[in-house]
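Participant: The structure is given below, and queries will be raised subsequently.
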Amino acid sequence: MQRIVAVTGASGFVGREVVRALVARGYGVIALGRDPSEAGFPAGVEVRRFDPGAAEAMPQAFEGADAVVHLAGETVDGRWTANKKRRIASSRVDGTRNLVRSLAACARKPAVLVSASAVGYYGSRGDEPLFESSSPGDDFLAGVCAEWERAAEEATTLGIRTAYLRTGVVLGNGGALAKMKAPFLVGAGGPLGSGAQMFPWIHAHDLAALYCFVLERDDVRGPVNAVAPDYATNARFAQALGAALGRPALIPAPAFALRALLGEFADTILTSQLVIPAVAQDHGFEWAHGQLEQALVDILKPGGKAHVRTFRATQFVPGSIDRIFSFFSDARNLEKITPPLLGFKIRSAPPVVERGSLIEYALKVRGIPMAWKTLIAEFVPGKRFVDVQLHGPYAYWHHTHEFRQVDGGVEISDAVDYVLPFAPFDALVAGLVERDVAQIFAYRKRFIENEFGPAPHAAKAGPPPLRAVR
């Protein structure tokens with residue numbers, strides 16, 4: 001039997017993406033809105049009226065629905081007058097309470113409610129890794145999001161499984177990106193404020209897919225961070241957007257100017273949130289657009305390819321996987337396996353590395369002193385871990401370390417994806433950087449052979465151990 005999903009806010013930017021994704025997966029869809037229009041919806045979508053601000057419950061809007069996706073809410077864009085802030089809060093908190101009241105009045109209640117929320121729940125937290133279990137912030141939006149989620153959670157008292165997606169900036173054809181790209185198109189684009197603030201984002205198609213995923217997973221409840229597993233600063237986003245449009249990204253918008261223009265809302269777009277999508281990762285969700293530069297190209301130049309450079313290395317190491325993994329996942333050993341010419345020094349590192357750990361170090365790149373801050377984005381003991389640059393010499397650095405037990409030892413595979421700063425001028429130094437990266441891994445290979453012993457001749461057969469791909 002076909003499952004029926006009712007979607008509030010179905011005519012909005014995200015709503016239409018969710019409706020299309022549900023229809024593509026074979027669901028029946030009821031599109032709900034205050035003044036519903038069938039324009040733009042796929043064939044077969046039923047349109048009904050639902051007003052979250054209505055004084056009376058509207059159970060008829062949800063008749064026959066097996067599940068509900070709740071997206072309705074006033075946009076936060078624009079100067080925050082007192083009236084605007086009331087609408088932002090009321091449309092989310094009171095609107096969700098009215099939704100739950102309508103579900104309570106249904107003769108046959110839906111089994112699941114998946115509600116929108118936002119990463120605004122966390123407030124501005126710098127480079128602090130933010131998991132679903134992290135505490136809320138203390139600003140206006142954080143308070144709204146906390147109340148919004150509590151209102152949705154009331155559905156659990158009706159026996160309805162409830163989850164809420166704390167969503168980052170949604171990138172797609174429309175929505176926020178349509179406004180953000182405007183200054184770039186006239187050559188006036190650049191980072192907002194310092195550009196150092198973390199910028200949680202997600203592709204619209206992945207967000208719609210995540211709503212479907214949560215609907216279908218009975219073991220997902222409560223908060224879900226709806227962001228891509230690619231941790232970008234605002235400066236990197238600006239460079240990536242400029243590169244996708246073929247425009248420079250050199251003119252920053254100073255924080256004081258943004259505050260003068262937008263008032264309190266400016267603090268929201270200058271906020272820094274390092275949001276980790278732990279629940280989605282742990283339940284096996286797969287992002288189709290999980291890399292920022294390529295995601296923007298997919299939206300703005302479909303079929304194009306972002307300038308993400310790639311390096312691959314494979315090495316056999318004799319010994320047990322526990323010993324080998326323990327060595328490589330100990331941050332203190334980074335100094336040992338890095339060429340002395342780089343002057344690599346650990347500034348801070350946790351005693352035990354896990355997902356969310358931050359490591360800071362200093363090094364020299366062709367004699368120029370630099371600081372590097374790394375996040376351990378994934379950590380699966382004995383199998384793999386991923387480190388990503390938060391701040392440092394690259395625009396983007398994503399290094400996956402994988403370990404596989406084989407006869408006589410362990411096969412270590414390294415996959416590095418990186419983007420150089422100052423696109424499109426990065427091509428001028430790309431060759432030098434590729435040689436530097438290859439030399440770093442060649443040094444590491446020699447050190448490991450001295451530390452653990454050389455690989456037997458038979459184990460050396462296979463693909464070339466080092467290769468760089470543009």
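Participant: If you line up the long axis of helix 13-24 against the longest principal axis of the chain, both from Cα atoms, how many degrees apart are they, to the nearest 10?
Facilitator: It works out to around 90 degrees.
Participant: What ranking do Arg150, Arg384 get, fewest neighbouring Cβ atoms within 10 angstrom at the top?
Facilitator: Ordered by Cβ neighbours within 10 Å, fewest first: Arg150, Arg384.
Participant: Can you figure out the FRET efficiency of Arg87 with Lys301, using R₀ = 30 Å and their beta-carbon distance, to the nearest 0.05? Each step should come with its number before you reach the end.
Facilitator: On the way: r = 36 Å, r/R0 = 1.21.
Efficiency at R0 = 30 Å is approximately 0.25.
Participant: Of the listed values (i) 672; (ii) 254; (iii) 167, identify the label whose number matches volume of the Cα convex hull per residue in Å³ calculated from this model.
Facilitator: Evaluating volume of the Cα convex hull per residue in Å³ on these atoms matches (iii).
Participant: Let me ask another. Going Cα to Cα from Lys305, which lysines come in below 29 Å? Please leave out same-chain ones fewer than 8 positions away.
Facilitator: Lys179, Lys181, Lys373
Participant: Suppose only helical runs count, i.e. DSSP H with n ≥ 4. What mean residue ellipticity at 222 nm does that imply for the chain under -39500 (n - 2.57) per run, divided by all residues and rounded to the nearest 500 deg cm²/dmol?
Facilitator: Working: 13 runs with 142 residues, N = 470.
Value at 222 nm, helices only: -9000 deg cm²/dmol.
Participant: Can you tell me the orientation of helix 430-452 relative to the chain, as the angle in degrees between its alpha-carbon axis and the longest Cα principal axis, to the nearest 10?
Facilitator: The two axes meet at around 70 degrees.
Participant: Could you give the length gained by full extension between Ala427 and Arg49, i.e. 0.36 nm per residue of separation minus their alpha carbon distance, to one decimal place?
Facilitator: Gain in length upon complete extension: 130.6 nm.
Participant: While we're on this one: How much space per residue, in cubic angstrom, does the convex hull of the C-alpha atoms of segment 244-370 take up?
Facilitator: Values: hull volume 30.2 nm³, N = 127.
In segment 244-370, the Cα hull volume divided by residue count equals 238 Å³.
Participant: Within segment 34-133, which trypsin sites (Lys or Arg not before Pro) sit in a loop by DSSP and count at most 15 neighbouring Cβ atoms inside 10 Å? Mind showing how you got there, number by number?
Facilitator: Numbers: sites: Arg34, Arg48, Arg49, Arg79, Lys84, Lys85, Arg86, Arg87, Arg92, Arg97, Arg101, Arg108, Arg125; in loops: Arg34, Arg79, Arg108, Arg125.
Within segment 34-133, the qualifying trypsin sites (Lys or Arg not before Pro) (loop, at most 15 other Cβ atoms within 10 Å) are Arg34, Arg79, Arg108.
Participant: By how many nm would the segment from Arg108 to Gln405 grow when fully extended, if each residue of separation counts as 0.36 nm and the alpha-carbon distance is taken off?
Facilitator: 101.7 nm
Participant: Quick one: go through segment 12-39 and flag any residue whose amide nitrogen is under 16 Å from the point 7 Å out along the Cα-to-Cβ line of Glu216.
Facilitator: Within reach of a label on Glu216, which here means backbone N under 16 Å from a point 7 Å along Cα→Cβ, segment 12-39 contributes 18-29.
Participant: Right, something else. Quick one: compute the contact order of the chain, relative version, from alpha carbon pairs under 8 angstrom and 6+ residues apart, as a percent. Please report the intermediate quantities before stating the final value.
Facilitator: Numbers: 959 pairs, mean separation 56.0, N = 470.
Relative contact order comes out at 12 percent.
Participant: Let me ask something additional. For segment 309-469, compute Rh as the Kirkwood radius over C-alpha pairs and then the Stokes-Einstein diffusion coefficient at 10 °C and 1.306 mPa s; write the answer in µm²/s, rounded to an integer. Display every interim value, and only then the final one.
Facilitator: Working: Rh = 16.4 Å.
In µm²/s, the coefficient is 97.
Participant: Then there's this: Run the numbers for Ser194 and Arg366: contour at 0.36 nm per residue of separation, minus the present Cα-Cα distance, in nm.
Facilitator: Values: separation 172, 0.36 × 172 = 61.92 nm, distance 2.56 nm.
Here the segment from Ser194 to Arg366 would lengthen by 59.4 nm.
Participant: Cut-off is 10 Å between beta-carbons; in what order do Ser102, Ser134, Ser348 appear when sorted fewest neighbours first?
Facilitator: On the way: Ser102 21, Ser134 18, Ser348 10.
Ranked by crowding around the Cβ, least crowded first: Ser348, Ser134, Ser102.
Participant: Could you give the distance between the Cα centres of segment 374-440 and segment 128-206, to the whole Å?
Facilitator: When both Cα centres are located, 28 Å separates them.
Throughout, read-outs are computed from the coordinates displayed, never taken from laboratory work. On a predicted model such as this, the values are computed, not experimentally measured, just so you know. Note: ideal-geometry Cβ built from the backbone for every residue, glycine included; neighbour counts use all protein chains shown.
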